[in-house]
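Engineer: Here's a structure for you.
Just so it is clear, none of the values below were taken in a lab; they were calculated from the coordinates. Note that the structure is a prediction, hence the values are computed from the model and not measured. Cβ sites come from the backbone with ideal geometry, for glycine too, and all protein chains shown count toward neighbours.
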């Protein structure tokens, strides 16, 4: 099985969701099924069918999270000897050389990526261009609209 990198924060967020789904959602859905079952005929009982559908979704998500956590290689960026280079988990400040637009990204695992929150997947074109580089380096990112040059302003390991 291939291990997929994940930050400590990303793994913690998944563990919290897993705990919530097992300890809060699962009993709530079970109670909803029991209540709907008490209403009688199950063939035409929309509440029962909706509760069973919620149960299926919840159990599927539990299995998905457990699989992701089992396949995760949790990396604590604060313990990685990076010597000022961009590595997995690092937060990087970059500036577009053409437009002077400044952006801050943290390089995270695929399941943690959220561009609006400034987290890009380690497999994204931006992250692949940045990995291994240092502050002051200029990198070229192959974007769908063409090549974009960025200068690395700062690299932090939070």
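Engineer: Any idea how far the Cα center of segment 21-54 sits from the one of segment 118-149, in Å?
Structural biologist: Computed from Cα coordinates, the inter-centre distance equals 48 Å.
Engineer: Could you work out how much longer the chain between residue 102 and residue 158 gets when fully extended? Use 0.36 nm per residue separation minus the Cα distance between them, nm to one decimal. The partial results should precede the final answer.
Structural biologist: Numbers: separation 56, 0.36 × 56 = 20.16 nm, distance 1.92 nm.
Length difference between fully extended and current span is 18.2 nm.
Engineer: Separate question: Taking the Cβ-Cβ separation of residue 46 and residue 66 as r and a Förster radius of 30 Å, what is the calculated FRET efficiency to the nearest 0.05?
Structural biologist: Using R0 = 30 Å, I get an efficiency of 0.45.
Engineer: Taking only the Cα atoms of segment 63-133, how large is their convex hull per residue, in Å³?
Structural biologist: 101
Engineer: Quick one: give the max-minus-min coordinate of the C-alpha atoms of the chain along each principal axis, largest first, in Å.
Structural biologist: 70, 35, 26
Engineer: If you line up the Cα atoms of segment 4-75 on their principal axes, what length do they span on each, largest first, in Å?
Structural biologist: Answer, in whole Å and largest first: 52, 17, 12 Å.
Engineer: What are the principal axis extents of the Cα atoms in segment 107-158, in Å, biggest first?
Structural biologist: Largest first, segment 107-158 extends 29, 27, 18 Å along its Cα principal axes.
Engineer: Out of the DSSP beta bridges found with both residues in the chain, what percent are antiparallel (nearest 5)?
Structural biologist: Approximately 75 percent, going by the DSSP bridge assignments.
Engineer: Would you compute, from DSSP H runs of 4+ residues alone, the mean residue ellipticity of the chain at 222 nm, taking -39500 (n - 2.57) per run and dividing by the full residue count, rounded to the nearest 500? Please list the in-between numbers first.
Structural biologist: Values: 4 runs with 56 residues, N = 158.
Per the formula, -11500 deg cm²/dmol.
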